[in-house]
Amino acid sequence: MKYVISLVKEIVKKRKMILDLALADFRKRFVGSYFGIVWMFLQPLVTVLIYWFIFGEYGMKTVPPVPNATYVVWLVPGLVPWFFYSEALNSITGCLQEYSYLVKKVVFKVEMLPVIKLLSCLLVHFFFVLIMLALYAAYRQPVFATWIQILYYTFAAAMLALAFGYFTSAVNVFFKDMANIVGICLQFGIWMTPIMYDEAIFTSRNPWIGTVLKLNPFYYIVAGYRDSMLTGDWFWRRPTMTLYFWGVTIVVMLVGLRMFKRLRPHFSDIL
C-alpha cells in the first residue's frame with residue numbers, strides 16, 4: 001500500500017510533465033501522416049457504420065431495449081467507451097518498448113509511462129464524446145442531467161485499463177506475445193459485452209447467461225454510458241454492480257502494480 005500511495009503522490013507532483021508527455025504522444029501519432037488526425041476517427045467511424053448496417057436498419061434490424069431509440073443512438077454509447085478502453089489497453093501494453101530510452105534513465109519513474117499513454121488516449125476519447133453528443137443532437141434525443149456521469153464512467157474505464165495495463169506492460173517486456181494475447185482478448189471481449197446486441201436475445205431463453213455477461217467488468221461501463229445517455233438513470237441505481245466493478249478493478253490494480261514493481265529492476269537489462 002505504501003508503494004501505491006507514493007506512486008499517487010509522484011503522479012500528482014509530476015502532473016505537468018506527465019501532461020506534456022501525453023500531449024507529445026498524442027501529436028506523435030500523426031507525424032508524417034498526410035491526413036493526420038483524420039485517421040484517428042476514420043476506423044472507428046467505419047466500424048460504427050458496419051455494425052449499423054449489419055445489425056441496424058438494413059441487416060438484422062435489431063430493436064434496442066430502450067423505447068423510441070434508434071439502433072445507432074443505442075449503439076454509439078456502447079462503442080465509444082469500448083474504443084477508448086481497447087486503445088488504452090493496447091497502447092499501455094507496449095509503452096515500455098516504445099519509450100525504452102526513458103526506461104533506461106535512472107531518474108525517470110517508469111510507472112509514469114502507462115499514465116502518459118492513458119492520458120493520450122483520453123484526448124482521443126474526448127473528441128469521440130463530442131461526436132456522440134453531436135449525434136444525439138442530430139437525432140433530437142432528450143437531454144438528461146445524467147449526461148454528466150460520462151465523466152465518472154470514463155474515469156472508471158480509465159482505471160480498469162490502467163489496472164490491466166500495469167500487468168500486461170510489465171509482462172510484455174519479457175514475454176513479447178502478451179501484446180498479441182491482449183489483442184485477441186479484446187476481440188473476444190467486445191462480443192462478451194452486449195454492445196452490438198441486446199442481451200435479452202440470450203437471457204430470455206437462458207437467464208444464467210445474464211450473470212455470466214455481468215462478470216465482465218466492462219459490462220458496468222457500457223450499461224453506465226447507456227444509463228447516462230438514454231434513460232437518465234444515476235449510477236447509484238446499480239449498487240451491486242458498482243461495488244463489484246470497483247472491487248475487481250482495485251484487486252487487478254494491486255496485482256498489476258505488484259507485478260510491475262517486481263519486474264521493474266530488470267526492464268533496462270531486457271530493453
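The values are calculated or read from the model by the stated rules, or taken from the named source; none is laboratory data. No experiment lies behind these values; they were computed from the predicted model shown. Don't worry about glycine lacking a Cβ; one is built from the backbone with ideal geometry, like all the others, and counts go over all protein chains shown. These area figures cover heavy atoms from the full protein model, side chains too; ligands, DNA and RNA do not enter into them. Shrake-Rupley method; radii C 1.70, N 1.55, O 1.52, S 1.80 Å.
When restricted to residues that are out of contact with any helix residue (DSSP H, G or I) (no Cβ under 8 Å at 6 or more places or on another chain) and modelled with pLDDT of 95 or more, region 212-245 contains 1.
Restricting region 2-33 to residues that are at pLDDT below 80 and assigned to a loop (DSSP other than H, G, I, E, B) leaves a set whose member that is nearest to SER120 (Cα to Cα) is ARG29.
Of all residues in region 224-245, those that are part of a helix (DSSP H, G or I) and touching a residue at least 12 places away in the same chain (Cβ under 8 Å) total 13. Screening region 63-92 for residues that are closer than 24 Å to PRO142 by Cβ and open to solvent by 30 Å² or more (accessible area, probe 1.4 Å) and picking the one that is modelled with the lowest pLDDT gives VAL63.
Applying the condition of being in a helix (DSSP H, G or I) and open to solvent by 70 Å² or more (accessible area, probe 1.4 Å) to region 138-162 and asking which residue is nearest to ASN216 (Cα to Cα) yields PHE155. If you scan region 93-114, which residues turn out to be surrounded by fewer than 22 Cβ atoms within 10 Å (Cβ to Cβ), in a helix (DSSP H, G or I) and of a type outside the set (Asp, Glu)? Result: GLN97, SER100, TYR101, LEU102, VAL103, MET112. Out of curiosity, is ALA134 assigned to a helix (DSSP H, G or I) and touching a helix residue (DSSP H, G or I) at 6+ places or on another chain (Cβ under 7 Å)? So ALA134 does not fit the description; no.
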